[in-house]
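Written out below as structure tokens is the structure these notes cover.
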Amino acid sequence: MEVEDCMSSGGEEDYYCSDRDSLDDALENEDSDSQWAPPKGSSSKVITKESLLAAQREDLRRVMELLSLREHHARTLLIHYRWDVEKIFAVLVEKGKDRLFKEAGLPMLHSHDLDPSVSTCTTMCDICMEDLPSSEQTKMDCGHCFCNNCWTEHFIVKINEGQSKRIRCMAHKCYAICDESIIRNLVGKRHPDLVEKFDRFLLESYIEDNKMVKWCPSTPHCGNAIRVEEDEFCEVECSCGNQFCFSCLCEAHSPCSCAMWALWTKKCKDESETVNWITVHTKPCPKCHKPVEKNGGCNLVSCICGQAFCWLCGGATGRDHTWSNITGHSCGRYKEDREKKSERAKRDLYRYMHYHNRYKAHTDSFKQESRLKETIKEKVRILEEKDSRLRDFSWVTNGLYRLFRSRRALSYSYPFAFYMFGEELFKDEMTKEDMEIKQHLFEDQQQQLETNVEKLSKFIEEPFDQYPEDRIMEIRMQVINLSVITDTLCKKMYECIETDLLGSLQFGIHNIAPYYSKGIEKATELSIAFHANSCNNDKRQKLHDPTTTNGGTSEESDRPSGSGSSEESGFSAQKRARKDIHGHGMFDLNLPADV
């Protein structure tokens, strides 16, 4: 039997099943959710190197149709507004078209600007100060005209500096963005390899400048990017199997916020806790200043350098002493600051060890339980070969996956509690009394979840393949009940964190990824087929851009491809990419662009 991800989800009435009928009802409720899917389809998409161009062109099409723009003008707007189409629409409504274009460095386009009239006069280039015919000069949309040689040198410098995405006009105090088709034409005559580099920067800007699209942080890199549709504070799974936090690109760590997780990983990796241990358990030698650990009962200790000193105060002494005192030395006076510092270091160390030990214990349990998949498969195979009336063993796999998700949430709840109820982040946000009340509330829910997770783990690890049918039915009932209970307790713990703890803070900088009963959402591959629009769209585009031969071609919106070949469903993204890069071929997005 294949282990599938079909976890159970039910109401509180399903917690305790006392007979077989009620157990079957619980299974029926469980099976009804087995085909679970988000209401609007997957909210995250995998963008491969083949579909990257398709994803970018879809946003370009939306802006081109809304504002009747050419492609490079639409790209300039999208790069400036970080590929946020909704923000462009909002600025358009709020500030108007003129302000929208001006802030993005896009000149206002009028009918006379697009008139392809050819002048035969000779003019002087304001950069090199040479008189050249108009055929050797190029005029940008902003109206500034310079010789082709000066433009080419300007473009080459900017591309090599990594500024391909927004190359501005050379004129003084002109912030207009240059036409990318002119850049390709002029640079391609002298350095064809730089055109490929230029196109690569433009293509990757969809990921580098887009807050809703990020590279998968897998090692080695899988070459995929992930696009989320709604909330950037989420956890996703790439098609390569890597699960990560979309916001900070670290491993999935909810219910920890990204800031908490960054502090926790740093605390676990650096030597801060070693320093705390040294402060608590050693004293510095007054001569060589090396840490000395006491290994006996006498308060007169000796360093390896030969210096004797008092363990109580750390002061240098002689070696003569009695049972009650050291000769010529007295340190009975109380020094408050030194005692407070030592006690505080000891308290902080013990507090850290409390949370770290439990975090580590659940993390280790998660790793051990992850190895149960093959064991469960073997147990199910043995039971299926027996002549038994038990045929459905989905409750085993459902319980196993519920155990994985609950254990994972439980392990990361300890770093969250360490910072939520410590003095490092929220000392000024809550009074001591409020913090104690909230800590007790959270720890009660955490302990309930921990208890039921351990019970579920115990039943999952039972050698039920060796048990009689009646005993298997009992284990089956317990696993189903505990699966529902742990799922509900996880939901309540997340609700407590989001509403009662983080939701009550004045500064909402700590956001956590939401909890899903079915686990971290798997991103589906983005597939967009391009087709020519109707003749009306072609005519409208040509009306606004009579000098561009491909101006009337736009793409359809997202449409999932079927099972047929790319020839049956339209042009593939890879073929479009080769065409749009002007014959330079596809480049490998697994490699970073040269700067």
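The values are calculated or read from the model by the stated rules, or taken from the named source; none is laboratory data. No experiment lies behind these values; they were computed from the predicted model shown. Quick reminder, even Gly has a Cβ in these numbers, built from the backbone with ideal geometry, and neighbours come from all protein chains shown. Accessible surface is based on the protein model in full, side chains and every heavy atom, while ligands, DNA and RNA are left aside. Shrake-Rupley method; radii C 1.70, N 1.55, O 1.52, S 1.80 Å.
For region 285-296, taking the residues that are of a type outside the set (D, E, K, R) and open to solvent by 80 Å² or more (accessible area, probe 1.4 Å), the one that is nearest to the chain's Cα centre (by Cα) is identified as 291. The one condition from (1) assigned to a helix (DSSP H, G or I); (2) within 32 Å of the chain's Cα centre (by Cα) that residue 459 does not meet is (2). Quick check on residue 278: is it among the hydrophobic types (A, V, I, L, M, F, W, C), modelled with pLDDT of 70 or more, open to solvent by less than 80 Å² (accessible area, probe 1.4 Å) and farther than 30 Å from residue 212 by Cβ? Answer is yes for this residue.
One residue stands out among those in region 491-513 that are part of a loop (DSSP other than H, G, I, E, B) and surrounded by 14 or more Cβ atoms within 10 Å (Cβ to Cβ): the one that is modelled with the lowest pLDDT, which is 505. Looking for something closer than 20 Å to residue 359 by Cβ and either over 28 Å from the mean Cα position of the chain (by Cα) or buried (at least 20 other Cβ atoms within 10 Å of the Cβ) (or both) - is there at least one such residue anywhere in region 393-403? Yes.
Quick check, is residue 449 part of a helix (DSSP H, G or I) and either touching a Cys at 6+ places or on another chain (Cβ under 7 Å) or open to solvent by 30 Å² or more (accessible area, probe 1.4 Å) (or both)? When the stated conditions are applied, residue 449 passes them. Filtering region 194-248 to residues that are charged (D, E, K, R) and under 21 Å from residue 57 (Cα atoms) leaves 196, 197, 199, 200, 204, 208, 209, 211, 214, 227, 229, 230. If you filter region 188-199 down to residues that are touching a helix residue (DSSP H, G or I) at 6+ places or on another chain (Cβ under 7 Å) and closer than 16 Å to residue 166 by Cβ, you find that the one that is surrounded by the fewest Cβ atoms within 10 Å (Cβ to Cβ) is 197. For region 404-429, a tally of residues being within 19 Å of residue 495 (Cβ to Cβ) and free of Cβ contacts under 8 Å to residues at least 40 places away in the same chain returns 1. Evaluation of residue 229 against the conditions (1) within 26 Å of residue 84 (Cβ to Cβ); (2) open to solvent by 40 Å² or more (accessible area, probe 1.4 Å); (3) in contact with a helix residue (DSSP H, G or I) (Cβ under 8 Å, 6 or more places away or on another chain) shows that the sole unmet condition is (3). Scanning region 245-262 finds one or more residues that are closer than 30 Å to residue 446 by Cβ, open to solvent by less than 20 Å² (accessible area, probe 1.4 Å) and in a helix (DSSP H, G or I). A Cβ distance below 7 Å, combined with a sequence gap of six or more or placement on separate chains, defines the contacts here; from region 149-161, residues that are under 17 Å from residue 171 (Cα atoms) and in contact (Cβ under 8 Å) with a residue 24 or more places away in the chain reach residues that are open to solvent by 70 Å² or more (accessible area, probe 1.4 Å) and in a helix (DSSP H, G or I) in the pairs 152/190.
The set of residues from region 280-300 being in contact with a strand residue (DSSP E or B) (Cβ under 9 Å, 6 or more places away or on another chain), more than 10 Å from residue 311 (Cα to Cα) and not polar (S, T, N, Q) comprises 281, 286, 287, 290, 291.
Would you confirm, using the coordinates I've provided, whether residue 305 is at pLDDT 80 or above, exposed (fewer than 13 other Cβ atoms within 10 Å of the Cβ), within 51 Å of the chain's Cα centre (by Cα) and farther than 30 Å from residue 406 by Cβ? So that I can check it myself, show each step before the final result.
Values: at pLDDT 80 or above: yes; exposed (fewer than 13 other Cβ atoms within 10 Å of the Cβ): yes; within 51 Å of the chain's Cα centre (by Cα): no; farther than 30 Å from residue 406 by Cβ: yes.
It is false that residue 305 is at pLDDT 80 or above, exposed (fewer than 13 other Cβ atoms within 10 Å of the Cβ), within 51 Å of the chain's Cα centre (by Cα) and farther than 30 Å from residue 406 by Cβ.
The residue pairs whose first member lies in region 88-108 and is touching a residue at least 40 places away in the same chain (Cβ under 8 Å), whose second member is assigned to a helix (DSSP H, G or I), and whose beta carbons are closer than 6 Å, counting only pairs six or more residues apart or on different chains, are 104/76; 104/77; 104/80; 106/73; 106/76.
Scanning region 162-181 for residues that are free of Cβ contacts under 8 Å to residues at least 60 places away in the same chain and touching a Cys at 6+ places or on another chain (Cβ under 8 Å) yields 167, 169, 170, 171, 174, 178. Filtered by the rule that a residue be surrounded by 22 or more Cβ atoms within 10 Å (Cβ to Cβ) and among the aliphatic types (A, V, I, L, M), region 461-488 gives 479, 480, 482, 484, 485.
So, residue 111, is that one in contact with a strand residue (DSSP E or B) (Cβ under 7 Å, 6 or more places away or on another chain) and at pLDDT below 85 or not? So residue 111 fails the test. Checked against the criteria, residue 492 does not count as within 37 Å of the chain's Cα centre (by Cα), of a type in the set (Lys, Arg) and within 22 Å of residue 371 (Cβ to Cβ).
Here is a yes/no grid of residues against (1) closer than 29 Å to residue 456 by Cβ; (2) basic (Lys, Arg); (3) open to solvent by 80 Å² or more (accessible area, probe 1.4 Å); (4) modelled with pLDDT under 85:
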| site | (1), (2), (3), (4) |
| --- | --- |
| 1 | yes, no, yes, yes |
| 19 | yes, no, no, yes |
| 56 | no, no, no, no |
| 82 | no, yes, yes, no |
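Each row is one residue, and each column tells you yes or no for (1) over 19 Å from residue 71 (Cβ atoms); (2) in contact with an Asp or Glu (Cβ under 8 Å, 6 or more places away or on another chain); (3) open to solvent by 60 Å² or more (accessible area, probe 1.4 Å).
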{"residue": "132", "(1), (2), (3)": "yes, no, no"}
{"residue": "140", "(1), (2), (3)": "no, yes, no"}
{"residue": "143", "(1), (2), (3)": "yes, yes, no"}
{"residue": "147", "(1), (2), (3)": "yes, yes, no"}
{"residue": "150", "(1), (2), (3)": "yes, no, no"}
{"residue": "156", "(1), (2), (3)": "yes, no, no"}
{"residue": "170", "(1), (2), (3)": "yes, no, no"}
{"residue": "175", "(1), (2), (3)": "yes, no, yes"}
{"residue": "179", "(1), (2), (3)": "no, yes, no"}
